[in-house]
Amino acid sequence: MARAIWKGAISFGLVHIPVSLNSAVRSERVDFDWLDKRSMEPVGYKRINKVTGKEIDKDDIVKGVEYEKGRYVVISEQEIHAARPEATQTIDIFSFVDASEIPLQHFDTPYYLSPDKRGGKVYALLRETLESTGKVALATVVLHTKQHLALLRALDDALVLITLRWPAEVRGLDTLELDKSVTDAKVDKRELTMAKRLVEDMSGSWSPDDYHDAFRETILDLVEEKASKGKISVVEKGEGGEGQKGADIIDLTELLKRSLGGKSTPAAKKKPAKRSRKAS
């Protein structure tokens, strides 16, 4: 089983479900390191002043946000630290919406959620509730010191968490500036019929094992071939919090009753805090 990258609890109403977060994807890119061809020593990055072209010391570097073109506001490390959201180790559900309501361009990164000990029954209850209602849960969660908007949905026997892009990060379709040749197109019925027939002829089942990254496989095959011929260079390398325990689960029926009884409280309706300006 994959190692959990985060541990905490799903929270909705008075119900807490202790869970572990596991990555649902992995990077399969080929990493190319920079090397000095004369000595095969690793090449690093320099801190260069883009105006003078001179290398500067790290102590002379500060972080700034561009307020206007060419004008920056400097933010200290202490101010950045104070602005970071508190890591609550909780996936806070604040609403449930129809799964079809969220546009695909808002989706970011998927994760698998697995129940921690004593959380299986409530985990299954939430999964079945989402499955039977056709809803997804909207939530906020802090991962790696960054607050994310996220959704939870059922997937077979499991729950999946997908981080969402904040609305300000998603460009609208109007940025495409589509002209009337697209928006007011009059599609010829005969052409549409032929296009549909072509789609039917090319239709098949989703078979993920049939799809491969040809570039990556070619590079790795080349690496294996060269290595088998002894073409290997030795590179001398330079020197270069666990989550809180899950809450105890008490009588589930009583928790649900108490949650429903307090549904008029504002906590269940709260929205994520707005951010006035995006910081780097």
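The values are calculated or read from the model by the stated rules, or taken from the named source; none is laboratory data. From a predicted model like this one, the values you see are computed outputs, not experimental measurements. Here the Cβ positions follow ideal geometry from the backbone for every residue, glycine too, while neighbour counts run over all protein chains shown. Ligands, DNA and RNA are excluded from the accessible area calculation, which covers all protein heavy atoms including side chains. Shrake-Rupley method; radii C 1.70, N 1.55, O 1.52, S 1.80 Å.
For the stretch 24-53, the tally of residues that are at pLDDT 75 or above and either under 30 Å from THR218 (Cα atoms) or in contact with a strand residue (DSSP E or B) (Cβ under 7 Å, 6 or more places away or on another chain) (or both) stands at 3. Quick one: in the stretch 78-134, of everything that is more than 26 Å from HIS144 (Cα to Cα) and in a strand (DSSP E or B), which residue is most open to solvent (accessible area, probe 1.4 Å)? Step by step, filter the stretch 78-134, then rank; the result is ASP98.
Quick one: would you say ARG171 is modelled with pLDDT under 95, over 26 Å from LEU14 (Cα atoms) and surrounded by 10 or more Cβ atoms within 10 Å (Cβ to Cβ)?
The answer is no for ARG171.
So for the stretch 220-241 (the condition being within 30 Å of ALA137 (Cα to Cα) and at pLDDT below 75), does at least one residue qualify? Within the stretch 220-241, one or more residues are within 30 Å of ALA137 (Cα to Cα) and at pLDDT below 75. Of all residues in the stretch 135-163, exactly one satisfies the criterion of being open to solvent by 10 Å² or more (accessible area, probe 1.4 Å), among the hydroxyl-bearing types (Ser, Thr, Tyr) and either within 16 Å of ASP108 (Cβ to Cβ) or touching a Cys at 6+ places or on another chain (Cβ under 7 Å) (or both), namely THR140. Inside the stretch 160-176, can you point out the residues that are among the acidic types (Asp, Glu) and in a strand (DSSP E or B)? Result: no residue meets the conditions.
Filtering VAL74, VAL19 for residues that are within 24 Å of the chain's Cα centre (by Cα) and modelled with pLDDT of 80 or more leaves a single hit, VAL19.
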